[in-house]
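The next block holds one structure in the form of structure tokens; read it before the comments.
The values are calculated or read from the model by the stated rules, or taken from the named source; none is laboratory data. Keep in mind the model is a prediction, meaning the values are calculated, not measured. Note: ideal-geometry Cβ built from the backbone for every residue, glycine included; neighbour counts use all protein chains shown.
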Amino acid sequence: MEKKRFPQYLSQPFQVLWLEADELVLALIFYTLALLFGSFFWPLVIGGPYLYSSAKKRYPRGFLKHSFYFIGLARMKGYPTFFEDEFRE
């Protein structure tokens, strides 16, 4: 019988070092941009995820997705568009 690992905390997000998955993706995007374009993006490799994580801690969960929905970059299935005035069931 083989042993299976079970996580201690089920709701804990995936982390690499001290970065959560979304912060890690942001750091990798800025790292790639820094490799391609140079000096302006190097401070953002560290500063971008730091600013993002501090903003993420200030707002409730799901804030970023709702912000993208508000400016029209994301769609939410089953919901009307942001600019709907009347609803009929």
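Hey, among ALA21, ALA34, which residue is in contact with a Phe, Trp or Tyr (Cβ under 8 Å, 6 or more places away or on another chain) and more than 16 Å from LEU64 (Cβ to Cβ)? Checking each option against the conditions leaves just ALA34.
What about LEU64, is it at pLDDT 85 or above and either in a helix (DSSP H, G or I) or of a type in the set (Ser, Thr, Tyr) (or both)?
no
Between LEU44, LEU51, LEU64, the distinction of being of a type outside the set (Gly, Ala, Ser) and farther than 19 Å from PRO13 by Cβ belongs to LEU44 only.
Pairs meeting the criteria (first residue in segment 44-71 and loosely packed, with under 14 Cβ neighbours inside 10 Å, second residue outside any helix (DSSP H, G or I) and among the hydrophobic types (A, V, I, L, M, F, W, C), beta carbons under 8 Å, at least 6 apart or on different chains) are LYS65/ALA74; LYS65/MET76; PHE68/ALA74; PHE70/PHE82. Looking across segment 1-37, just one residue is loosely packed, with under 10 Cβ neighbours inside 10 Å and modelled with pLDDT of 85 or more, and that is LEU36.
Could you say whether any residue in segment 74-87 is under 26 Å from LEU19 (Cβ atoms) and either in a loop (DSSP other than H, G, I, E, B) or in contact (Cβ under 8 Å) with a residue 60 or more places away in the chain (or both)?
Yes, segment 74-87 contains at least one residue that is under 26 Å from LEU19 (Cβ atoms) and either in a loop (DSSP other than H, G, I, E, B) or in contact (Cβ under 8 Å) with a residue 60 or more places away in the chain (or both).
Within segment 76-89, if we keep just the residues that are of a type outside the set (Asp, Glu) and loosely packed, with under 10 Cβ neighbours inside 10 Å, the residue that is farthest from LEU28 (Cα to Cα) turns out to be ARG88.
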